[in-house]
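The values are calculated or read from the model by the stated rules, or taken from the named source; none is laboratory data. Keep in mind that this is a model prediction, so the values were computed, not measured. Note that each Cβ is placed from the backbone with ideal geometry, even for glycine, and that neighbours are counted across all protein chains shown. The protein model used for the area step is the full one, side chains on, heavy atoms only, and it has no ligands, DNA or RNA in it. Shrake-Rupley method; radii C 1.70, N 1.55, O 1.52, S 1.80 Å.
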Number of protein chains: 2
Amino acid sequence: MVTLATVSKVAGVSTATVSRVLNQPHKVDRNTRQVVEKAIEKLGYRPNQYARGLASKTSKTIGVIVNRFSSTYYGFMLDGVEEALVEYGYKTLAESSRETAEGENQALLSLIDRQCDALVIHTNKLTDIELAQYQNKARPIVFMNRKVQACENESIYLDNKSAGQLAASYLLQKGHTSFAMVTGPKSYHESVSRTNGFISTLKEHAITIDKDCIIESDFTVQGGYDSLCRLLKQQKHFTAIFFHNDEMAAGAYKACREHGIAIPSQISILGFDDAVIASHLTPGLTTIEQPLAEIGRASGLLALSLLKNKPEIFQGSKLFTATVKERDSVKDINRE
Amino acid sequence: MVTLATVSKVAGVSTATVSRVLNQPHKVDRNTRQVVEKAIEKLGYRPNQYARGLASKTSKTIGVIVNRFSSTYYGFMLDGVEEALVEYGYKTLAESSRETAEGENQALLSLIDRQCDALVIHTNKLTDIELAQYQNKARPIVFMNRKVQACENESIYLDNKSAGQLAASYLLQKGHTSFAMVTGPKSYHESVSRTNGFISTLKEHAITIDKDCIIESDFTVQGGYDSLCRLLKQQKHFTAIFFHNDEMAAGAYKACREHGIAIPSQISILGFDDAVIASHLTPGLTTIEQPLAEIGRASGLLALSLLKNKPEIFQGSKLFTATVKERDSVKDINRE
DNA sequence: CTGTTAGCGCGTTCAT
DNA sequence: ATGAACGCGCTAACAG
């Protein structure tokens with residue numbers, strides 16, 4: 001095994017000097033530096049990261065937690081985080097919580113054990129209080145697409161209330177006046193904010209939404225399917241439905257097909273996320289787009305800036321804005 | 001900071017004993033073990049993984065490389081790997097190559113630097129020879145969904161030739177006799193094998209496929225779209241097209257829509273992978289399903305078995321079999 | 001069964 | 001600008 005000692009012998013210098021050319025090249029004479037670099041090259045020396053971490057107490061690694069890997073929702077954020085870190089020579093250590101509270105706790109501890117210099121985490125199960133306690137430790141923790149009370153400075157997230165308002169404005173603008181909504185679980189802060197935003201804008205236009213027309217679901221295709229069936233059974237009147245994510249909207253497409261309901265002529269559907277499937281549905285799903293990759297990127301940068309205590313690395317807003325991705329699932333009633 | 005020494009003092013034993021209760025509990029007396037465990041609990045002690053790795057030369061971590069995170073193709077495999085490792089108390093260190101040769105090399109080196117006990121990698125750019133060289137080092141490398149010459153024992157992959165044969169058999173069985181095919185890049189071994197399998201089965205039935213009707217594409221939606229347009233322009237006759245993945249098939253759907261071609265009445269489409277989008281397309285995409293999660297899981301297990309030199313951890317085949325996931329994009333001509 | 005001790009490979013003083 | 005020496009926290013002989 002090639003170690004610092006091997007290199008130092010070959011180069012005819014001390015290990016301290018080799019270490020310096022690696023970490024503080026400017027403190028080494030040009031000539032000796034070149035000699036050392038040649039030796040490193042020749043031997044194919046690679047520093048042992050564990051020894052490094054042990055001695056320096058830093059790992060140049062940032063831990064990331066997501067619910068799972070097999071969803072592009074998390075995939076886009078992960079890619080965003082990694083992109084940001086690579087620029088600064090940091091590594092990503094990604095772990096999944098398998099969407100359980102236990103998994104979140106374990107992942108958190110495991111990443112801390114692994115000496116991650118900072119953490120970027122997306123969690124749903126742990127409470128704000130529990131998360132805030134972790135935050136109290138030495139290493140910075142950034143909450144990715146999650147707003148944590150008392151840790152606002154470390155939270156990067158979408159302005160879900162505005163997004164809900166945007167959804168309502170868009171549908172109103174298309175001439176709709178009677179609505180239904182299928183939300184995510186109430187335990188998710190996004191769901192609550194989107195709901196509030198949606199309702200508040202309707203209220204501004206003196207429109208109320210029947211309580212029976214707001215259904216809490218679970219962000220899954222099946223959940224969306226079931227919700228639409230329930231809405232249909234109720235026989236309430238509405239011309240447009242706002243779904244809190246695209247998977248649920250996709251489930252609604254299926255239900256519509258089975259019930260012989262045409263989208264958007266008989267019912268308009270608005271999704272959320274602009275997931276990969278949105279563009280593949282027929283008709284194309286109009287949806288509220290959320291910049292997941294940028295949220296990931298910003299989270300990575302914020303972690304770095306906190307870690308190095310360099311505010312200049314992360315500048316800009318911690319609050320992201322949604323936009324409308326217009327396709328063909330919302331009817332423009334004005335044009336009739 | 002709480003270290004082994006802290007614990008040992010509180011428990012009134014030596015650091016070696018504390019280390020033993022952590023790693024070889026059976027070698028410690030029940031009573032002293034309990035005392036130590038109490039101290040660990042009380043102090044909230046967590047072992048420093050870097051010190052551990054440095055001293056023991058093992059990290060209980062397995063590095064994984066994928067092209068990127070934002071595709072469920074890799075996501076499913078990653079989830080599979082992690083699931084397998086968690087059972088054995090191992091961690092996943094995932095890194096993306098961003099689908100570049102440089103990225104693959106860097107990721108490989110970086111994971112080795114990080115003392116990963118084994119590697120599970122999915123690569124496309126590096127040649128078999130380059131990969132085999134890495135394999136020659138101390139730590140085991142498993143090639144996930146990739147067949148590497150000279151490393152067959154460490155390759156876990158789908159039997160792509162059989163899968164191609166299956167595709168042909170299925171279409172033949174549905175009464176089709178005239179075909180087109182859109183493949184992935186020739187540099188991908190999967191593409192070549194699928195093509196060979198497909199053609200060989202046709203040949204068995206005395207059917208040849210016009211060379212102009214085989215188009216090499218790039219696994220992207222746009223690529224599939226372009227390929228179908230090209231096929232259409234040629235005015236050759238065929239009733240069914242086999243796409244080497246579902247993304248390209250989705251692109252074909254779009255092209256069909258624009259050209260007013262009905263699926264499956266005018267043209268039948270068969271995909272590959274059973275990606276998430278397949279079920280959301282209209283009509284549902286019939287596709288050759290590949291068990292990605294299981295391939296990931298098997299790769300993880302194989303890595304563990306190699307690493308620990310325990311064949312019993314991984315038993316079963318390294319070759320996986322594809323199946324047909326039937327939906328509505330292939331017409332049954334016999335029924336006319 | 002338990003304690004002592006010597007590294008693991010590197011970064012970092014402190015001298016020179 | 002360079003080298004000697006120590007310590008990071010832990011595991012692994014070796015004694016006892």
Next item on the list: Scan the range B:115-165 for residues that are among the aliphatic types (A, V, I, L, M) and within 30 Å of B:PHE243 (Cβ to Cβ) and report the count.
Entry: 10
Next item on the list: Select from the range A:287-334 the residues that are of a type outside the set (Asp, Glu) and without any contact (Cβ under 8 Å) to a residue 12 or more places away in the chain and write down the one among them that is nearest to A:ILE65 (Cα to Cα).
Entry: A:SER305
Notebook entry, point to check: Only one of (1) outside any strand (DSSP E or B); (2) away from DNA strand C (no atom under 12 Å from the Cβ) fails for A:LEU119. Which number is that?
Noted result: (1)
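Quick test for you: out of A:LYS174, A:LYS161, A:LYS236, pick the one residue that is open to solvent by 10 Å² or more (accessible area, probe 1.4 Å) and at pLDDT below 95.
Unique residue meeting the criteria: A:LYS236.
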Check: Taking the range B:20-35 on its own, how many of its residues are open to solvent by less than 40 Å² (accessible area, probe 1.4 Å) and either within 7 Å of DNA strand D (Cβ to nearest atom) or closer than 15 Å to A:LEU54 by Cβ (or both)?
Finding: 0
Next item on the list: Would you check if B:TYR73 is out of contact with any strand residue (DSSP E or B) (no Cβ under 6 Å at 6 or more places or on another chain), modelled with pLDDT of 95 or more and more than 16 Å from DNA strand D (Cβ to nearest atom)?
Entry: yes
Next item on the list: Report the residue count in the range A:1-39 for those that are within 8 Å of DNA strand C (Cβ to nearest atom), assigned to a helix (DSSP H, G or I) and without any contact (Cβ under 8 Å) to a residue 12 or more places away in the chain.
Entry: 5
Next item on the list: Tell me, please, whether a residue that is without any contact (Cβ under 8 Å) to a residue 24 or more places away in the chain and either in a loop (DSSP other than H, G, I, E, B) or open to solvent by 50 Å² or more (accessible area, probe 1.4 Å) (or both) can be found in the range B:75-84.
Entry: no
Check: Given A:SER110, A:SER155, A:SER193, which one is crowded, with 16+ Cβ neighbours inside 10 Å and within 14 Å of another protein chain (Cβ to nearest Cβ)?
Finding: A:SER110
Margin query: Quick test of your reading of the structure: B:THR282 fulfils all but one of (1) open to solvent by 40 Å² or more (accessible area, probe 1.4 Å); (2) within 14 Å of chain A (Cβ to nearest Cβ); (3) assigned to a helix (DSSP H, G or I); (4) free of Cβ contacts under 8 Å to residues at least 60 places away in the same chain. Name the failing condition by number.
Written below: (3)
Check: Looking only at residues in the range B:239-251 that are within 15 Å of A:ILE277 (Cα to Cα) and open to solvent by less than 50 Å² (accessible area, probe 1.4 Å), which one is nearest to the other protein chains (Cβ to nearest Cβ)?
Finding: B:ALA250
Note to self: What's the total number of residues in the range B:40-62 that are within 12 Å of DNA strand C (Cβ to nearest atom) and either under 22 Å from B:MET1 (Cβ atoms) or outside any loop (DSSP other than H, G, I, E, B) (or both)?
What the structure shows: 8
Next item on the list: Need at least 2 residues that are farther than 30 Å from A:THR61 by Cβ per element, so show me which strands (runs of 3 or more DSSP E) inside the range A:131-226 make the cut, counting only ones lying wholly within it.
Entry: A:179-183, A:214-216
Check: Going by the conditions given, is A:SER96 of a type in the set (Gly, Ala, Ser), within 14 Å of another protein chain (Cβ to nearest Cβ) and buried (at least 24 other Cβ atoms within 10 Å of the Cβ)?
Finding: yes
Notebook entry, point to check: Take the residues of the range A:36-68 that are within 16 Å of DNA strand D (Cβ to nearest atom), facing another protein chain (nearest Cβ under 9 Å) and open to solvent by less than 30 Å² (accessible area, probe 1.4 Å): which is farthest from A:GLY300 (Cα to Cα)?
Noted result: A:PRO47
Check: Does the range B:83-93 hold any residues that are of a type in the set (Asp, Glu) and at the interface with chain A (Cβ under 9 Å from one of its Cβ atoms), and which are they?
Finding: B:GLU83
Next item on the list: State all residues of the range A:69-82 that are over 22 Å from B:CYS116 (Cα atoms) and at the interface with chain B (Cβ under 8 Å from one of its Cβ atoms); if no residue qualifies, say none.
Entry: A:SER70, A:SER71, A:THR72, A:TYR74, A:GLY75, A:PHE76
Margin query: Condition (residue is at pLDDT 95 or above, within 14 Å of chain B (Cβ to nearest Cβ) and assigned to a helix (DSSP H, G or I)) applied to the range A:259-272: is it met by at least one residue?
Written below: no
